[in-house]
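In what follows, a structure is listed as structure tokens, so that the remarks can point back to it.
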Amino acid sequence: MSLLQVSGLSRSFGGLKAVDNVSFTLEAGQLLALLGPNGAGKSTCFNMVNGQLAPSSGSIRFDGHELVGMRPRDIWRRGVGRTFQIAATFNSMTVLENVQMALVSRERKTFGLWKPAGSRYADEALALLEQVGMAADANRACGVLAYGDVKRVELAIALANRPKLLLMDEPTAGMAPKERNELMALTRRLVAEQQIGVLFTEHSMDVVFAYADRMIVLARGKLIAEGDGDTIRNDPRVQEVYFGTGKTFQPHATLHDSVGGHGGEGALQ
């Protein structure tokens, strides 16, 4: 059984069908990119999986359980983590405290802090920061970090819930090329080690073609293509609707070799 099974998913806003009968699956240990031009419906689809939007129809089954009708908080507690396009951290708190608060929430003790939160789960929080390469910055305020480091902290926060599924909304938005590749190489390593399924949206096509195992492409709310990089790159509907007339993706092999990626390809030519 697939980790995530989306079947016949639709969402209408008045007379507009933002997502129209979309179905796909995601396996544990796999990175699946959700792509499409502006207005394609990818954000709506993404937010329905997370529980922020209720579908008009369709099913979202995660790890054997139906998610439709559940609140985002309850979906999170079932093992669905999320990162955001604009990193969501508490700037005035330290890096360690940010992760500690996620651990306190996981244990449902947010409203029962009989002792200072700073004394709770410090070792586990530090271990999570070690995983993302931020342990040395544990006592620094998030507000003074470089943006790429904030994204790493956000990833540690998402991992605090021990997710089986991780939703990443534009994970490399606002990052320099080196930072983008370092973050995605780190994500791929953690996915392989912990067998997490990842569904992510992304506008940087070099990132998508270098790191995604599979891709699904939406246009005007409909699923128009799915498959690996070669399948998507050579699909005439994708070339016409998404990449634009006369533009195709061509492989190149030097995108992120220096940061341990799993096969660099995907520059828009």
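What follows draws every value from the coordinates through simple rules; no lab data is involved. For clarity, every value in this text was computed on a predicted model and none was experimentally measured. Note that we place each Cβ from the backbone using ideal geometry, even for glycine, and neighbour counts take in every protein chain shown.
Things worth noting here:
- Label reach from Gln194 (point 7 Å along Cα→C-beta): in the stretch 136-169, amide nitrogens under 16 Å belong to 151-169.
- Segment Ser57-Glu130, extension gain: residue separation times 0.36 nm, minus the distance between their alpha carbons: 22.1 nm
- Simple spin-label estimate for Ser7 and Asp123 in nanometres, 7 Å along Cα-Cβ: 4.5
- Scaling against 2.2 N^0.38 Å puts the C-alpha radius of gyration of the stretch 1-60 at 1.10.
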